[in-house]
Amino acid sequence: MKKMLVILSLLISFSNAGTLGIQEHLGKKVDLDLTFLDEKGNSVTLKKLMNGKPTILTLNYFRCAGICTPQLNELAKVLGRLDLAENTDYKVVTISFAEDEPFELAAAKRKTMIQTISRDYVTDAWRFVIGENNNSHVLSKEVGFVFEKTVTEQGKVDYIHGAALIILSPEGKITRYLNGVEQLPFDVKMALIEASNGTVGPTVAKMVEYCFSYDPKGRTYIFMWEKAIAVFMFALMFGFFIYLVKQGRKEDDREVVRRDED
């Protein structure tokens with residue numbers, strides 16, 4: 001019994017480690033009255049940012065040395081090929097969940113991303129904002145975007161997080177999650193069309209990619225192995241727990257047989 005309790009405590013620890021990523025809240029509505037600081041430092045509500053349009057929502061932080069920039073670059077490619085009219089058929093809102101970032105950084109990121117789109121794009125259709133009064137964290141919880149802040153021995157702040165396009169209906173209902181960095185223009189288009197009607201759709205891809213850490217010495221991106229190891233260890237410990245339970249039952253059966261023979 002003591003061994004089983006130890007195994008259970010370990011299972012609980014590893015299950016908590018596996019909560020990072022995207023926890024889907026399909027069909028739920030986000031608070032459109034949450035306020036953010038726009039590219040000029042003005043307070044603006046999510047409702048105003050969406051302007052009554054189906055919206056592609058991304059949660060990033062602008063100093064991210066991992067998957068944030070690749071995700072936004074891929075989104076820019078999709079927007080350049082998307083067979084819908086920006087600002088008329090949809091909006092895009094990118095929110096920094098690191099609220100210590102200045103609005104000037106949001107403005108710079110927006111300028112860079114708009115310039116990477118392969119065609120003339122209505123600048124106002126894609127907004128970059130930062131949280132106000134912890135509202136980016138509130139919104140993160142509402143859409144199920146779970147991240148973890150990390151601090152190195154040198155004091156460098158980083159975040160472990162996933163990547164997804166979260167599609168909202170004009171009323172703020174979560175209608176679709178498009179997980180990962182790369183998306184197909186067709187999938188994004190269909191998700192926006194469904195969102196315009198308030199239709200909740202299935203997740204296109206369950207595989208969630210996680211943030212990479214940048215190695216300044218090697219000038220390479222390093223995968224955050226903690227998540228993969230946690231999943232592996234959870235499976236290993238769960239299998240060991242089942243083994244102990246079966247062995248315990250066999251011992252009980254042998255004890256019963258011995259008593260019957262006596």
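Values in this text are rule-based calculations from the coordinates and carry no lab data. Remember, predicted model here, so these are calculated numbers, not experimental data. Positions of Cβ are generated from backbone atoms using ideal geometry, with glycine treated the same way; all protein chains shown enter the neighbour counts.
Summary of packing: across the peptides 117-126, 174-183, 34-43, the per-residue average of other C-beta atoms within 10 Å ranks them, highest first, as 174-183, 34-43, 117-126.
Which residues among the range 143-169 fall inside the zone where the amide N is under 19 Å from a point 7 Å beyond the Cα of Thr116, along Cα→Cβ? 159, 161-166, by backbone N distance to the label point. Charge tally around Gly41: other residues with Cβ under 14 Å, Lys/Arg +1 each, Asp/Glu -1 each, net -3.
As a calculated quantity, the FRET efficiency between Leu236 and Leu32 at R0 = 51 Å, using C-beta atoms, amounts to about 0.70. Fewest neighbouring Cβ atoms within 10 Å first, the residues Glu153, Glu86 line up as Glu153, Glu86. Taking every C-alpha pair closer than 8 Å and separated by at least 6 residues, the mean separation divided by the residue count of the range 21-209 gives a relative contact order of 31 percent.
Ranked by how many other Cβ atoms sit within 10 Å of their own Cβ, fewest first, the residues Tyr90, Tyr159 fall in the order Tyr159, Tyr90. Remark: Met50, Met190, Met113 ranked as Met190, Met113, Met50, counting other beta-carbon atoms within 10 Å and listing the fewest first. Its relative contact order, with pairs defined as Cα atoms under 8 Å and 6+ residues apart, puts the range 114-166 at 21 percent.
The fraction of all Cα pairs in the range 21-209 landing in successive 5 Å bins from 0 to the largest distance is 1, 8, 18, 23, 23, 17, 7, 2, 1, 0, given as whole percents.
How high is the relative contact order of the range 55-117? Use alpha-carbon pairs under 8 Å, at least six apart in sequence, and give a whole percent. It comes to 55 percent, rounded to a whole number.
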